[in-house]
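Worksheet: the structure to be examined is printed underneath.
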Amino acid sequence: MEKKKVILGVVPTKRPFLSMEEAKRQKDAFMAKIRSIKPDAVTIVDIDDICENGILFKPDLAPVVIEKLKAAKCDALFTPFCDFGDEESVARVAAGMMLPTLVWGNRDERPNNSTGRGRDTQCGMFASTKVMARFGVKYSYIWNCSTDSEDFAKGYERFIRVAMVLKTLKSLRVAKIGERPGSFFSVMTNDANLITRFGITCVPVSPFECAQAANKLIEDKDPVLAEYTKDLLKRFDTETMQEADVEKAAALKLAIENIMRARGCEVGAFECWSAFPRVYGSCPCVVLGDMADCGLPLSCETDVNGAITLAILQAANLYEESPFLADLTIRNPENDDSELLWHCGPFPYSLKADASKASLVRGQEQFELKQGHLTIARFDDLNGEYTLFCGEGDTTTGPETTGTYVYFKADNWKRWEEKLMFGPYIHHVGGVYGDYLPVLREVARYLGIHFDNAHEQGIYSL
């Protein structure tokens, strides 16, 4: 999977008459810390070449700082306070960039006393954030904690994940491969609203085009196709399929991947069982699983909001592991607070449990996902209003079934079920391994949409 980076502009600030020596000590400490956190996901742009010791305290330098950050194409801004800071400088840069902005300052070690003045960091952040708000800046905040604390490291990393999601959605192109199945009114979306509200573009792709491109790969005896077909035969038990059918599945995956990359699409909504058996002669769900593992996840049944959910989860995960789209199917017969997350065979192979045998049956994968902690989410809309549902929990065991699946244990499944029934949701949810609820809550705040926390009671059932 291709890794992406957030370009982060870091603009430390100080108050002009407070100690430069102390401010530099603070700056050196937090810069060393942030450079050690997810360095493969962040490119840091500093202002060392513009301001004394790389710390902004002169408002007249704000335009020069803005010019540098814009030239670097920053995706987000971090303003660490070395002391009280300079509120005009901070607000001018933040307002000039209008990017997701993080505010934080190291906890003051002592109050003012007869031998010297303290830094008054917390005091300055109260003042500066009011000014930022006046300028219309939307910002995130890590509470006034020490540089070497877990709270700071966790808060900074979460902000990077938030910035990655917002960067992804800002220019997201969704390959809409076909139309919704005729009876699936539940997956309807308003493409125009997605462009207007979020800048998300749906790109129409004909299933016939995909089928023709796949058939051409087979006819041309494409060497990449031959290699990929061998890979599928090696990873899966395919005794119920002819090798030619495995090759058809492989060809369709390569064809769709080529089309999506050519059109700049990061995710797709796939008209699967209602289109491809007719236009291509098979419905190879393995395509969806392997597309997720190469960083281009597809949702089933032309579920555009499901595809956007996958984009959100993949970005929150910093492209480190594949997300998956599951049906909410049945409650676990062996556990009242557990639900079966299932689909007929499109989950990413990379998430397979080591002990689970992987089979291909009619192009559909058959295996169980690994155990772990999951974030479950759903981006959806109703009557022009958008909502992001999210909750966390651990996987658990349950009766074996067909297709691809895993059992999920909620803290209180009755509350989750009530939320999902009364909210603007359908039977599809996205899943990703990890704990990203705080990240998605902050994403929803930046997007100006409702965040629906699965761990808080909504409308009650009877």
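Being in a helix (DSSP H, G or I) and either in contact (Cβ under 8 Å) with a residue 60 or more places away in the chain or on the phi < 0 side of the Ramachandran plot (or both) is a condition met by no residue of the stretch 324-342. The residue that is farthest from the chain's Cα centre (by Cα), counting only those in the stretch 173-198 that are surrounded by fewer than 17 Cβ atoms within 10 Å (Cβ to Cβ) and in a helix (DSSP H, G or I), is F185. Going through F81, F17 one at a time, which residue ends up being aromatic (F, W, Y), outside the structural domain of A315 (by TED's automatic domain parsing) and crowded, with 20+ Cβ neighbours inside 10 Å? Just one listed residue meets the conditions, F81. If we keep just the residues of the stretch 304-337 that are in contact with a helix residue (DSSP H, G or I) (Cβ under 7 Å, 6 or more places away or on another chain) and of a type in the set (G, A, S), which is surrounded by the most Cβ atoms within 10 Å (Cβ to Cβ)? The qualifying residue surrounded by the most Cβ atoms within 10 Å (Cβ to Cβ) is A315.
Which fully enclosed strands (runs of 3 or more DSSP E) of the stretch 343-462 have 3 or more residues being of a type in the set (S, T, Y)?
385-396, 404-409
Tallying residues that are assigned by TED's automatic domain parsing to the domain that holds A269, over 15 Å from C390 (Cβ atoms) and touching a Phe, Trp or Tyr at 6+ places or on another chain (Cβ under 8 Å) within the stretch 408-462 yields 1.
Taking every residue in the stretch 344-369 that is touching a residue at least 60 places away in the same chain (Cβ under 8 Å) and crowded, with 19+ Cβ neighbours inside 10 Å and pairing it with any residue that is part of a strand (DSSP E or B) and of a type in the set (V, I, T), at least 6 positions away or on another chain, the pairs with Cβ-Cβ distances below 7 Å are G345/T404; P346/T404; E365/T404. The number of residues in the stretch 3-36 being part of a helix (DSSP H, G or I) and in contact with a Cys (Cβ under 6 Å, 6 or more places away or on another chain) comes to 3. Within the stretch 284-303, the set of residues being over 17 Å from S350 (Cβ atoms) and either of a type outside the set (A, V, I, L, M, F, W, C) or surrounded by fewer than 21 Cβ atoms within 10 Å (Cβ to Cβ) (or both) comprises P284, S299, E301, T302, D303.
Within the stretch 2-37, the set of residues being among the basic types (K, R), out of contact with any Ser or Thr (no Cβ under 7 Å at 6 or more places or on another chain) and within 17 Å of N144 (Cβ to Cβ) comprises K14, R15, K27. For the stretch 227-246, indicate whether the set of residues that are under 30 Å from the mean Cα position of the chain (by Cα), among the hydrophobic types (A, V, I, L, M, F, W, C) and under 30 Å from T189 (Cα atoms) is non-empty. No, that holds for no residue. Among the candidates F236, F184, the residue that is among the aromatic types (F, W, Y) and farther than 30 Å from K357 by Cα is uniquely F184.
The values are calculated or read from the model by the stated rules, or taken from the named source; none is laboratory data. Quick caveat: nothing in here was measured; it's all calculated off a predicted structure. Reconstructed Cβ throughout: ideal geometry from the backbone, glycine too, with neighbour counts over all protein chains shown.
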